[in-house]
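Please treat every number below as a calculation from the coordinates, not as lab data. Just so it is clear, the structure is predicted and the values come from calculations on it, not from any experiment. When we count neighbours, we look across all protein chains shown, and the Cβ atoms used for this are built from the backbone with ideal geometry, even at glycine.
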Amino acid sequence: MTEITEEIQKKFAEGLILSINKPYGWTSADVVRKVCSMLRYRYDLKKIKVGHAGTLDPLATGVLVVCIGRATKQAETIQSGEKEYIAEIRFGATTPCFDLEKPVDAYFEYKHITRESLEIALKKFIGTIEQIPPLFSAKMLNGTRAYEFARKGEDVEIKSATIHIRNIEIIKFDLPVVVLKILCSKGTYIRSIARDLGLEMQSGAHLTNLCRTRSGNFLLDNSLNINELENFFKIFETK
């Protein structure tokens, strides 16, 4: 544990916002716990508030904004900012959770899909639309996370949510895989876009890779990796 000073503790309590590149396989809560443990170990900050602004799925990577101290009051405002994602989608197969967390449950034809037909289909997703979130998600249903029902095999209805997609650009077209850049509002499930796009193309599809490259004004290029956190915190230490 580093030498603790009131000045160090005051700096963290006043508020700090970090942009962290969430590792693959980590939950957003895992990242928060990591930051909390480092603050406890280095500065004995056992009661300081730490939270994130916008959940990322475990199989996604990229920008996760973490708020410390009084900065947690800004989390809702930060979370409302536009998001940018790079999404890899595979046509010809579906999974129950719309990504790689569960094995493929059905196969479909996909060779009829062309870049031109895909571009036409994507136009239907631009603008303010209604989207049904995945059952395997953290969406709240009567006070319970949707994934709790999914894990029990219970069939429940999830109401659609209004979202806004500003733009979708094809970055790569190499069937059965396509890579898209998506600019969208908070609350958008990229996994649901994969599912709906598969249906629109008279096939099936699921998400195979996802990276959030921007959340509001926070960019992936300026985000810290988990292993960079310790060195970053050292700049707050006094000699």
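Springs between Cα atoms under 10 Å define the GNM used for the chain, and in it the highest mean-square fluctuation of Leu229, Leu64, Leu135 occurs at Leu229. The ranking of Lys49, Lys10 from fewest to most other beta carbons within 10 Å of each one's beta carbon is Lys10, Lys49.
Residues Thr72, Thr94, Thr55, arranged from fewest to most other Cβ atoms within 10 angstrom of their Cβ, appear as Thr55, Thr72, Thr94.
Counting other C-beta atoms within 10 Å, which of Met201, Met38 has the fewest, and how do the rest follow? Could the numbers behind the result be given before it?
Details: Met201 21, Met38 17.
Ranked by crowding around the Cβ, least crowded first: Met38, Met201.
For Rg/Rh (Cα atoms, Kirkwood Rh), the candidate list reads (i) 1.03; (ii) 1.53; (iii) 0.96; the entry that matches the value derived from this model is (i).
Between Asp30 and Arg166, what length comes free when the chain is fully extended (0.36 nm per residue of separation minus the Cα-Cα distance, one decimal in nm)?
Numbers: separation 136, 0.36 × 136 = 48.96 nm, distance 3.04 nm.
Gain on stretching Asp30 to Arg166: 45.9 nm.
Taking the DSSP beta bridges with both ends in the chain, the antiparallel portion is around 90 percent. Build a GNM of the chain with springs between Cα atoms under 10 Å apart, and of Ile20, Ile165, Ile190 the one that fluctuates most is Ile165. Taking the longest Cα principal axis of the chain as reference, the axis of helix 190-200 is set at about 0 degrees. Considering only Ala53, Ala75, Ala161, the Gaussian network model of the chain with Cα springs below 10 Å gives its largest mean-square fluctuation to Ala161.
Roughly how many debye, to the nearest 20, is the charge dipole of the chain about its Cα centre, given +1 on each Lys and Arg Cβ, -1 on each Asp and Glu Cβ, and no other charges? The partial results should precede the final answer.
Values: 34 positive and 30 negative charges, 122 e Å.
Here the size comes out at about 580 debye.
Hey, how many Å between the Cα centroid of segment 16-78 and the Cα centroid of segment 199-227? Each part's Cα centre sits 18 Å from the other's.
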